[in-house]
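Read through the structure below, which is laid out as structure tokens, and then see the notes.
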Amino acid sequence: QVQLVESGGGSVQAGGSLRLSCAASGKFFSVDDMAWYRQAPGKQRELVAIITKNSLTTYAYSVKGRFTISRDNAKNTVYLQMNSLKPEDTAVYYCNAEVLVTLLSRSTYWGQGTQVTVSS
């Protein structure tokens, strides 16, 4: 089995910054695509950013230019650097990863979620 452990959430004022981390642990061959999702109160979960194993990235329009997703393959860890935070960024942020569990089996895993609160 695979576990994704998130950290780095917290409360900041508008315009501030936070960096989220998500590390994969367990028994697996490799971690492929990794992504960050978020879910605000009363809203559906949405994709924030995704990064491939070779570091190709895609961002939601609402965060492009402010957030940066990156990864450290040696540590099986994905990061989300969040700058110029806005109150509308307030949400629970979830890490997601596609993992090669065996040579013939890939599975998707989710982190437990970490709260990000941005005050005006």
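The values are calculated or read from the model by the stated rules, or taken from the named source; none is laboratory data. Computed from a predicted model, the values in this text were never measured in an experiment. Reconstructed Cβ throughout: ideal geometry from the backbone, glycine too, with neighbour counts over all protein chains shown. For the accessible areas, the whole protein counts, side chains as well, though only heavy atoms, and no ligand, DNA or RNA atoms are used. Shrake-Rupley method; radii C 1.70, N 1.55, O 1.52, S 1.80 Å.
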Only residues in the stretch 26-52 that are within 19 Å of LYS75 (Cα to Cα) count as the first member; pair them with residues that are open to solvent by 70 Å² or more (accessible area, probe 1.4 Å), Cβ under 6 angstrom, at least 6 apart or cross-chain, and list the lot.
-> GLY26/GLN1; GLY26/GLN3; ASP32/LYS53; ILE50/THR58
Got a number for residues in the stretch 27-44 being outside any loop (DSSP other than H, G, I, E, B) and either in contact with a Leu (Cβ under 6 Å, 6 or more places away or on another chain) or of a type in the set (S, T, N, Q) (or both)?
-> 4
